[in-house]
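Peer 1: My questions will all concern the structure given below.
The values are calculated or read from the model by the stated rules, or taken from the named source; none is laboratory data. Bear in mind that the values here come from a model prediction, so they are computed numbers and not experimental data. Just so you know, the surface numbers come from the protein's heavy atoms only, side chains and all, with ligands and any DNA or RNA stripped out. Shrake-Rupley method; radii C 1.70, N 1.55, O 1.52, S 1.80 Å.
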Amino acid sequence: MSDSWTDRLSAYLDDELSLADRRAVDEHLAQCEECRAVLSQLAGVRDWAEEYEGEPPREAVWNAISSAVRGDARHGDIVSLQEVRRRRSRMWRVIPAALAATLVLAAVGAGSWTVGRATAPTREILVTANPMRLITTTSPGRSLLVAERYGAAIAQMEQALFANGDQLDTATVRILRQKLIVIDRAIAEARQALADDPGSAYLADHFTNMMRRKLALLRNAASAGVTSS
Amino acid sequence: MLLHIAAGALVAMSAPQDTDTTFAVTPGQRLNVATFGGEILIRTWELDQVRIEADHSSREQIVITQTASEVRVRPSSWNSDFEFSMEGEEFDVSMNFRGARAPAMVDYEIIVPEGMALEIGGLFSDVEIEGAVGEVTIRVLEGEVDILGARGPVSARTGEGDVTVEDVVGPLRLSTIGGEISVTNATGEITAESTEGDIDLEEIRSSRVEAESVDGEIWYQGTIEAQGFYRFVTHDGDVDLELPANASARISVATWDGDLSTDFDIEVPDEIRGRRFSFTLGSGSAQIEIEAFDGDISVGVWEPDEEDY
């Protein structure tokens with residue numbers, strides 16, 4: 001088994017490969033027992049994810065989100081997006097080997113918060129204090145759950161920001177409002193598309209990504225903290 | 001006049017009006033400039049000296065403070081209550097005006113040793129840096145950022161304004177909330193983010209590129225390295241890639257309201273709306289992700305000049 005093959009198994013499972021690539025994977029699977037096992041594990045994760053309905057986040061999760069929004073997350077609380085991206089290329093390589101453990105952890109794993117999206121074969125990675133506690137999913141429903149959590153954090157952030165709007169520098173407010181219009185429009189369009197095609201993993205990911213962008217923008221504005229008092 | 005005291009001690013210098021001063025610096029010292037508004041132009045030379053020319057009102061003075069690790073440059077109206085933070089990855093300009101006077105506009109022209117690290121911040125400032133070899137960090141709330149001929153890590157972030165980078169070697173972290181990002185002839189990892197603005201990456205040699213916009217087009221013209229990772233995502237705009245004819249990569253594309261076109265010999269399904277579609281070029285050693293929610297995706301062939309490789 002090589003990285004180039006395991007890379008393609010998730011896309012194979014989701015019927016997202018070109019015909020030529022699909023044939024190539026079929027031929028390889030016929031010869032490679034290890035890849036067949038990984039494919040089976042991935043299918044198990046997918047099935048579990050589709051059935052998983054999520055659960056209300058614990059208070060500790062909201063505290064962690066709030067802490068991240070304030071920008072004072074400690075190491076180990078929530079991994080930064082930059083860090084997630086830096087780890088991305090090497091992270092997915094350990095996923096097949098950790099699938100069994102992941103499933104177990106996912107079953108008991110409350111208290112996770114999505115901060116980024118991994119490369120194939122995962123659709124998303126939920127990162128917690130323990131970097132090995134990864135939950136992988138191709139489920140649009142799971143993405144929406146994550147989006148809801150972003151939504152709550154965004155609402156909290158907006159309330160905090162604009163409640164103190166008179167303390168914000170006018171230039172900051174102007175830039176912030178202009179760009180929020182852009183992002184809100186993107187979120188609305190992504191939400192509508194997802195309503196039209198609720199089974200699309202791409203649209204679910206995109207919707208979540210737009211929510212993440214908005215939260216990041218609000219957080220940046222908050223940390224700018226420009227005052228003219 | 002400059003008083004240069006031993007390591008760790010503070011040195012202050014004030015000039016009565018327009019400033020033009022040159023003083024010695026030691027290796028390892030970084031230049032930290034913060035200003036309310038005005039242009040900041042920084043060039044390099046081979047001398048172990050810093051020259052600061054500043055145009056400002058007669059009421060303003062330029063305060064230069066040296067420690068063993070830093071040369072700190074502030075207008076005198078930037079008093080002790082006027083804090084300015086540049087720490088961290090995020091947009092973290094922070095300040096308050098509690099001074100007796102309104103902050104002044106100052107235009108700087110500064111020449112520094114080639115390898116001197118630079119930390120530049122401004123609220124309403126255009127920043128232009130040419131020939132820097134050390135680490136460059138720029139944080140601007142509103143203003144243009146231009147970086148030419150840098151050789152070292154560059155991190156540039158502006159709230160409102162374009163970011164333009166040319167002829168550089170080194171990892172680039174570029175961000176603007178409202179503005180375009182343009183990178184030409186660059187070697188090294190690139191991260192580029194814009195909320196509202198295009199991202200143009202031309203003549204790039206990199207094993208890792210991530211470009212993301214919400215409302216803007218993305219153009220990438222560059223090499224695809226073995227085991228490299230490339231990600232191009234926008235909500236409203238096209239994504240156009242120009243890759244070498246012999247590129248080896250697994251490519252995943254996704255769009256909601258757009259089409260995929262390519263010069264490469266692959267079978268493109270009639271309908272890819274709302275789902276990811278993957279295909280492989282060559283042996284597929286690199287990984288490329290392309291997403292354009294409301295825009296077309298094109299993957300064309302780039303035929304670089306010999307010297308581009």
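Peer 1: In the full protein assembly as shown, how much of B:Ile218 is accessible to a 1.4 Å probe, in Å² to the nearest 10?
Peer 2: The accessible area of B:Ile218 comes to roughly 0 Å².
Peer 1: If amide H atoms are built 1.01 Å from N in the plane of the peptide, which residues on other chains or at least 5 residues away come under 5 Å of the amide H of B:Ala211?
Peer 2: Correct list: B:Ala192, B:Arg231, B:Phe232, B:Val233.
Peer 1: Sticking with this structure for a sec: Which ³J(HN,Hα) values, rounded to whole Hz and listed in residue order, are derived for region B:160-170 from phi using the Karplus coefficients 6.51, -1.76 and 1.60 in 6.51 cos²θ - 1.76 cosθ + 1.60 with θ = phi - 60°, glycine and proline given as x?
Peer 2: 9, x, 7, 10, 10, 10, 9, 6, 10, 10, x
Peer 1: Okay, next question. When you take every Cα atom in region B:236-309, what is the radius of gyration, and what is Dmax, the widest Cα pair distance, in Å?
Peer 2: 12.5, 40
Peer 1: So, taking all protein chains as they sit and a 1.4 Å probe, how much accessible area belongs to B:Thr280, in Å² rounded to tens?
Peer 2: We get 30 Å² for B:Thr280.
Peer 1: Provide the per-residue ³J(HN,Hα) series for region A:187-194, in order, calculated from phi with Karplus coefficients 6.51, -1.76, 1.60 and θ = phi - 60°, each as a whole number of Hz, with x at glycine and proline positions.
Peer 2: Here the 3J(HN,Hα) series is 5, 4, 5, 5, 5, 5, 4, 5 Hz.
Peer 1: Would you rank B:Val136, A:Val173 by solvent-accessible area, highest first, keeping every protein chain in place and using a 1.4 Å probe?
Peer 2: On the way: B:Val136 0, A:Val173 30 Å².
Ranking B:Val136, A:Val173 by accessible area, largest first, yields A:Val173, B:Val136.
Peer 1: On to the next question. Nearest 100 Å² is fine: how much accessible area is buried between B and A, summed over both sides, with a 1.4 Å probe?
Peer 2: Buried surface at the B/A interface: approximately 4600 Å².
Peer 1: Continuing with the same structure: Out of the total accessible area of region B:107-221 (probe 1.4 Å, heavy atoms of protein only), what percent is carbon and sulfur? Can you show the working numbers first?
Peer 2: On the way: 1260 of 3180 Å².
Of all accessible area on region B:107-221, carbon and sulfur atoms account for 40 percent.
Peer 1: Which order do B:Ser175, B:Ser69 take by accessible area at a 1.4 Å probe, largest first?
Peer 2: Numbers: B:Ser175 15, B:Ser69 55 Å².
Largest accessible area first, the list is B:Ser69, B:Ser175.
Peer 1: Additional query: Can you send over the solvent-accessible area of B:Glu203, 1.4 Å probe, protein chains only, in Å² to the nearest 10?
Peer 2: 50 Å²
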